[in-house]
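What follows is one structure encoded as structure tokens, with my remarks underneath.
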Amino acid sequence: MGETLLKGVTLRGLEVFETLAHTGSVAVTAERLGMSAPAVSQQMRNLSTALGVELVDHSRRPMVLTSAGRLFLARAETALQALRAGQRGLSMLDFSELSALSLGVIEDFENEVTPNLAADLAEAMIQCAFRLVTGASHALQGQIARRELDIAICAASTPGPSGALTHPLIDDPYILAVPRGTDVSGGLAGLADLTFLRRDPDQVMGRQIERYLAGVGLRLPHRFVMDSNQSITALVAGGGSWTITTPLSLLRAGRFAANIDAHPLPGPPISRRIVLYATGDWTGPIPARIAERARELIEEHFAAPGRSKMPWLNESFRLLRPHEAMQSKIEL
């Protein structure tokens, strides 16, 4: 990755800059890229020297970009996306050898991630019978367990589907969603004048949220139990309700988003983990390649915008790499 693009500007330098811009930490950047902290700092010095401007304000923690850094980041990310797309196209050429693939994806991704992923796969698997379904995580897990699907992108559960191989994608932390302007200084108990909206208990989210409420000793009336994310966000935006949700779910609020405030969830941090499950027959490189493309799309359409709108999420809303263990922040 060290091959020169322009005099003094390397692909590695652009990757380091992009990662540092999102993490604000040399140490975290080094860990993400498998480098040492001094090597990260050297790459940043080389890039700044080549461009003739300071890209990062080193006096602040976490580090933030200078005005020149923000301007250059947009160009760097565009260049890296184009290069990654070309690399991805080459790596997926052997998908044409597949005769059939059935893929399931959770509804959270149906407007952004799923169409782009489906288009990539359809182009790469020109001789393949390709089946795509969307649904709730618990339904997709069941289809993986029964081998009705080859691969599924959904929320993880413990234990996962029997015999399935797991590729972690992103941690999606639980957060508090309230009508705009709501005072949350009194914690969850201080929201007694609003109606709590529950998730369907068949959903992975519904079960995890109920365990959280039980763990913090909060008993709430069972007035509304819903399985529609858009209906939940519409009611919260309407001013009379609150809910526990995740950034992935809240970012789908669309026209309701302007009337919803998001806050960290009180108590110990908890999250659901979005993963790619593959049946035991799929032990080759294909699931890993699909997982990597899914990570790119999730970062572009959810993780980066989410951290921008809710900067307090920081590292809690981040992509996961193949080597990271299947361990949640709290057992749910």
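Here are some notes:
- Residue that is surrounded by the fewest Cβ atoms within 10 Å (Cβ to Cβ), among those in region 262-279 that are in contact with a Gly (Cβ under 7 Å, 6 or more places away or on another chain) and farther than 23 Å from residue 176 by Cα: 279
- Residues in region 190-226 that are closer than 21 Å to residue 262 by Cβ and assigned to a loop (DSSP other than H, G, I, E, B): 7 in all.
- Filtering 224, 196 for residues that are surrounded by 18 or more Cβ atoms within 10 Å (Cβ to Cβ), aromatic (Phe, Trp, Tyr) and under 21 Å from residue 252 (Cα atoms) leaves a single hit, 196.
- Screening residue 307 on (1) more than 16 Å from residue 113 (Cα to Cα); (2) crowded, with 21+ Cβ neighbours inside 10 Å shows it passes everything except condition (2).
- Among the residues of region 63-85, those identified as of a type outside the set (Gly, Ala, Ser) and either part of a helix (DSSP H, G or I) or in the same structural domain as residue 297 (by TED's automatic domain parsing) (or both) are 70, 71, 72, 73, 75, 77, 78, 80, 81, 83, 84.
- Here is the figure for region 131-154: residues that are part of a loop (DSSP other than H, G, I, E, B) and touching a strand residue (DSSP E or B) at 6+ places or on another chain (Cβ under 8 Å) total 4.
- Residues (under 24 Å from residue 312 (Cα atoms) and among the β-branched types (Val, Ile, Thr)) located in region 31-88: 56, 64, 66
- Flag for residue 119 being modelled with pLDDT under 80, within 27 Å of residue 252 (Cα to Cα) and either in contact with a Lys or Arg (Cβ under 7 Å, 6 or more places away or on another chain) or assigned to a helix (DSSP H, G or I) (or both): no
- Residue identified as in contact with an Asp or Glu (Cβ under 9 Å, 6 or more places away or on another chain) and under 22 Å from residue 105 (Cβ atoms) among 142, 160: 142
- Scanning region 231-251 turns up no residue that is more than 15 Å from residue 178 (Cα to Cα), of a type outside the set (A, V, I, L, M) and either part of a strand (DSSP E or B) or at pLDDT below 90 (or both).
- Looking only at region 9-23, residues that are of a type outside the set (A, V, I, L, M) and without any contact (Cβ under 8 Å) to a residue 60 or more places away in the chain come to 5 in all.
- Consider region 156-192 and keep the residues that are among the polar types (S, T, N, Q) and over 30 Å from residue 279 (Cα atoms). The one that is surrounded by the most Cβ atoms within 10 Å (Cβ to Cβ) is 182.
The values are calculated or read from the model by the stated rules, or taken from the named source; none is laboratory data. This structure is a prediction, so every number in the text was calculated from the model and none was measured. Ideal geometry is used to build each Cβ from the backbone, glycine not excepted, and the neighbour counts take in all protein chains shown.
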